[in-house]
Amino acid sequence: MTLIELMIVIFIVGIMAAVAIPIMRGRIDAAKWSEANRTAGTIRTAVRAFIVENGSDYNYNRLKGKLSKPSLYRELGFSSSDLTGSYFYQKDYKLKDVTADPMSCVVEVNSSHPEGPPGKGTFAADGTWSVN
């Protein structure tokens, strides 16, 4: 093999690496966001069960805000370790738009973890998950 052939092979491998690295980075962030999606779905299910148990007379504005308040996550049936994962802390989850009629709950997620993914995730009232 000549030096020119070796340089061509190295050049081609470099191009392949330049293309593959951003694709892999996106996959890694998507995998990290799947942790938030799972936890946000669990939070939404707990809030919906809480609404069913307490009815429409309860003041659901108390539930809105970050889930870092111990009284709030205990009221919903969580322990502090349930909301802390590999890339998200319990304070990263925020309840918005909690209503009993119609039964609705939106969970927003922003990672403050040093290795967390960039952006903001939203688990909407209709059960859809999106990352901005």
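The values are calculated or read from the model by the stated rules, or taken from the named source; none is laboratory data. None of these values were measured; they are calculated from a predicted model. With ideal geometry, Cβ positions are generated from the backbone for all residues, glycine too; neighbour counts draw on all protein chains shown.
The figures follow:
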| item | result |
| --- | --- |
| Members of region 53-104 that are among the small types (Gly, Ala, Ser) and either touching a helix residue (DSSP H, G or I) at 6+ places or on another chain (Cβ under 8 Å) or loosely packed, with under 14 Cβ neighbours inside 10 Å (or both) | 55, 56, 65, 68, 71, 77, 79, 80, 81, 85, 86, 100 |
| Residue among 56, 81, 34 that is at pLDDT 90 or above and not β-branched (Val, Ile, Thr) | 34 |
| Members of region 39-60 found to be of a type outside the set (Val, Ile, Thr) and under 21 Å from residue 130 (Cβ atoms), listed by number | 40, 41, 44, 46, 48 |
| Any hit, region 49-66, residues being assigned to a helix (DSSP H, G or I) and closer than 21 Å to residue 116 by Cα | no |
| Residue count, region 13-52 (criterion: out of contact with any helix residue (DSSP H, G or I) (no Cβ under 8 Å at 6 or more places or on another chain), closer than 16 Å to residue 92 by Cβ and not basic (Lys, Arg)) | 7 |
| Residue check, residue 32 touching a Phe, Trp or Tyr at 6+ places or on another chain (Cβ under 6 Å) and in a helix (DSSP H, G or I) | yes |
